[in-house]
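Here is the structure we will look at, set down as structure tokens.
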Amino acid sequence: MLTMILDNNIENIKIYDKAGVDRIFIDLEINGKQDRQGHLDTVISSHSLEDIKNIKPLLTKAKLLVRINPIYGNSATEISKSIDNGADVIMLPMFKTAEEVKLFIDYVDKRARTCLLLETSEALARLDEILEIEGIDEIHIGLNDLHLALGLDFMFELMGDGLIEYITGKIKAKNIPFGIGGVARMDEGMLMGNIIIKEHVRLGSSMVILSRTFKRDLDIDKSILEKELLKLQHTEKEARALNQDALKENKLLLKRLAKDIASIMRNKK
């Protein structure tokens, strides 16, 4: 499972790279994000193009992924500067049309790996048309914004109720690698990380974003991240050894827990 972590803290990034995190995630996206997520307990970054330049030389193993802004008037320049500064992967968020995706791929022009962040209801409705476009190297399904767009209460309802399985089925048919949302440490989270990783394996996902829980206590114990990554890898290995019946049982557990958590969150509103 390819792991990604969002941060621009230089000292933390050295730890991530040494521990074996596969991608450092720099987040330039700011356009419209405050309006969508300002009321939630989510990270709204203040990363910059300069961060890309400063971080790239530090990486000995990890690759650098940069999430740009949704397509706008300055996208071509933003993409070119990101690549020139060292981005290995460019991620496009909040796209709604095949035209935006085509423009994005043209702007990147094979100078970096292209990753679509599928997180709008419009993109979901137009998925077949979007998947026909050549040059999509990978897709990440953004559970946070997608669950907001669909008016749901808890992001993992999407995994529990089968919509993600529908989406990933279409992506797999095109042989495009994909990932899904984020994950907490294996024994933590409103919905525990080990349950989520097992569902990733069942669906065929190959990428996941590490949540803020993986950053905790780095100042106390620099080896703690490596230990938590080993737990994730062990969980993935165990999941790959399970038969389909056992994986489906885990899926039903995820569905039941997600439904219960969503109900609690709905009643708190």
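Where a number appears in this text, it was derived from the coordinates with a stated rule and is not lab data. Please read all numbers here as calculations on a predicted model, not as lab measurements. Cβ placement follows ideal geometry from the backbone for every residue including glycine, while neighbour counts extend to all protein chains displayed.
Each residue of region 245-260 was assigned a 3J(HN,Hα) from its phi angle through the Karplus curve 6.51 cos²θ - 1.76 cosθ + 1.60 (θ = phi - 60°); the sequence is 4, 5, 5, 5, 5, 5, 4, 5, 5, 4, 4, 5, 5, 4, 5, 5 Hz, with glycine and proline shown as x.
Proximity of backbone amide H atoms, modeled 1.01 Å from N, is registered between Lys63 and Arg23, Ile24 at under 5 Å, excluding neighbours fewer than 5 places apart on the same chain. Where the alpha-carbon atoms of the chain are placed on the principal axes, they occupy 47, 46, 39 Å, in descending order. Partners of Lys174 within straight-line reach, counting aspartates and glutamates whose Cα lies under 17 Å from its Cα and excluding those fewer than 8 residues away in the same chain: Asp128, Glu129, Glu132, Glu134, Asp137, Glu138, Glu165. Given +1 at the Cβ of Lys and Arg, -1 at the Cβ of Asp and Glu and no other charges, the dipole of the chain around its Cα centre is 540 debye to the nearest 20.
Lys198 sits among other residues whose Cβ lies under 10 Å from its own Cβ, and their net charge, with Lys and Arg +1 and Asp and Glu -1, is -1.
Which of Asn194, Asn144, Asn12 ends up with the largest GNM mean-square fluctuation for the chain, with Cα atoms connected below 10 Å? Top of the fluctuation ranking is Asn12. According to the Kirkwood relation over distinct C-alpha pairs, the hydrodynamic radius of region 123-185 is 12.4 Å. Applying both filters, DSSP loop and at most 16 other Cβ atoms within 10 Å, to the chymotrypsin sites (Phe, Trp or Tyr not before Pro) of region 40-129 gives Tyr72. Converting phi to 3J(HN,Hα) with the Karplus coefficients 6.51, -1.76 and 1.60 and the offset θ = phi - 60°, region 206-221 yields 10, 9, 8, 8, 7, 6, 4, 4, 6, 8, 5, 6, 4, 6, 9, 9 Hz in sequence order, with x at every glycine or proline. Largest GNM mean-square fluctuation across Ile197, Ile224, Ile139, computed for the chain with C-alpha springs under 10 Å, falls on Ile224. What the phi angles of region 118-135 give under the Karplus curve with 6.51, -1.76 and 1.60, with θ = phi - 60°, is a coupling list of 7, 8, 10, 5, 5, 5, 4, 5, 9, 4, 4, 5, 5, 5, 7, 6, 7, x Hz, glycine and proline written as x. How much mean residue ellipticity at 222 nm does the chain get from its helices, if each DSSP H run of length 4 or more adds -39500 (n - 2.57) and you divide by all residues, to the nearest 500 deg cm²/dmol? It lands at -14000 deg cm²/dmol.
Positive end of the dipole of the chain (Cβ unit charges, origin at the Cα centre): among Ala149, Pro177, Asn250, the Cα lying farthest that way belongs to Asn250.
Take the Cα of Thr77, step 7 Å toward its Cβ, do the same at Asn243, and the gap between the two points is 6.1 nm. Spacing of the modelled spin labels on Gln233 and Glu11, each 7 Å from Cα toward Cβ, amounts to 2.6 nm. Could you pull out the pairs from Lys110/Lys231; Lys18/Lys237; Lys53/Lys110; Lys172/Lys198; Lys81/Lys215; Lys96/Lys237 whose alpha carbons sit more than 25 Å apart here? Pairs exceeding 25 Å: Lys110/Lys231; Lys81/Lys215; Lys96/Lys237. Whose amide H sits under 5 Å from the amide H of Ile139, counting only residues 5 or more places off or on another chain, with H placed in the peptide plane? Excluding prolines and chain starts, which carry no amide H, the hits are Leu116, Phe178, Gly179.
The residues neighbouring Lys14, those whose beta-carbon lies less than 12 Å from its own, together hold a net charge of 0 under the Lys/Arg +1, Asp/Glu -1 convention. Scaled against the 2.2 N^0.38 Å expected of a compact globular protein of N residues, the Cα radius of gyration of region 181-250 reads 1.13.
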